[in-house]
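Take a look at the structure set out below.
The values are calculated or read from the model by the stated rules, or taken from the named source; none is laboratory data. Quantities reported herein were computed from a predicted structural model and do not represent experimental measurements. We place every Cβ from the backbone using ideal geometry, glycine too, and count neighbours over all the protein chains shown. Note: accessible area is taken over every heavy atom of the protein model, side chains too, but ligands, DNA and RNA are not part of it. Shrake-Rupley method; radii C 1.70, N 1.55, O 1.52, S 1.80 Å.
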Amino acid sequence: MTVNWRKTIIILLDVIIAVYLALAVTVFNRPDDKATVCTEVNIQIADTPGGGFLTPAEVKRLLEKQRLYPLAQPMQFVSTRQMEEALLKNPYVAETECYKTQNGHICIKLTQRQPLLHIMTSKGEQYYIDKQGDILPHTRLASNLLVATGSITKGYAQKWLTNVANQIQSDRFWNEQTEQLNVLADGTLELVPRVGDHVVYLGAPRDIPKKLERLRKFYKYGLSHAGWNRYERISVEFGNQIICKKRNS
């Protein structure tokens, strides 16, 4: 068997060139961390409908507290993984991604938990729940949220109020019209509207869409003619009926 050395050498040269080009792309184009200092930190917080709790300044403060804020630090000593882990410990952070760029920048992309309801119990507790029913601690950075007051336990808030608040928020009319929910001692629910000097008694926190739809029709065909301040209490607790209590003269 005769070996074609010329053909073999050409094939070997082709392999060597291909390996060199692959290394050139991955090695020579890789930023030199040892020679690069972080010159800019770009913090991006995804828009949260209804507002949120975190600002870029607050994210910076969280990283500075853990001595992980990368500005002016050598890139080789910046750990984006540690930054992500530190930020995810904050109860308001849902997701985060931190990464380096070739020009010495650090990018931080963050999605925060969406606050749904501000809880203020009759025992003086204050906290928030998000759309999934998770408890968020109280902070002064709260935005304009629907408020729930009264005899509220965390279990009740997570099981019932989360569902009610999500249903209210998903309806544009009721999201704009509802100012407050109030939980009575027996676990039944009241709604305080923004327009009209009355309280709506919802009863047990079940079948809320049906109750609100009956109330919507009553607003349209009843109160719009009788006057928004004629009644002090409107009950939609029971199906197929609305019970109103007139305001005293």
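Tabulated data
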read-out	value
Cα-projected label distance for T39 with K210, points at 7 Å along beta-carbon direction, nm	6.6
Förster radius 30 Å - calculated FRET efficiency between I243 and A185, Cβ distance, rounded to 0.05	0.90
List F77, F173, F53, F238, ordered by accessible area with a 1.4 Å probe, largest first	F77, F238, F173, F53
Modelled FRET efficiency - R0 35 Å, Q73 with T139, Cβ distances, 0.05 increments	0.75
Average accessible area per residue (Å²) across the stretch 125-249 - probe 1.4 Å, nucleic acids and ligands excluded	55
Anchor K89: lysines whose Cα lies under 22 Å away (excluding residues fewer than 8 positions away in-chain)	K60, K65, K100, K109, K131, K154
Residues R194 and Q66, FRET efficiency given R0 of 41 Å [Cβ-Cβ distance, rounded to 0.05]	0.45
Listed residues T36, T55 arranged by accessible area, highest first, probe 1.4 Å	T55, T36
Proximal lysines to K217, defined as alpha-carbon separation beneath 20 angstrom and excluding residues fewer than eight positions away on the same chain	K245, K246
Carbon plus sulfur fraction of accessible area for the stretch 146-202, probe 1.4 Å, in percent	47
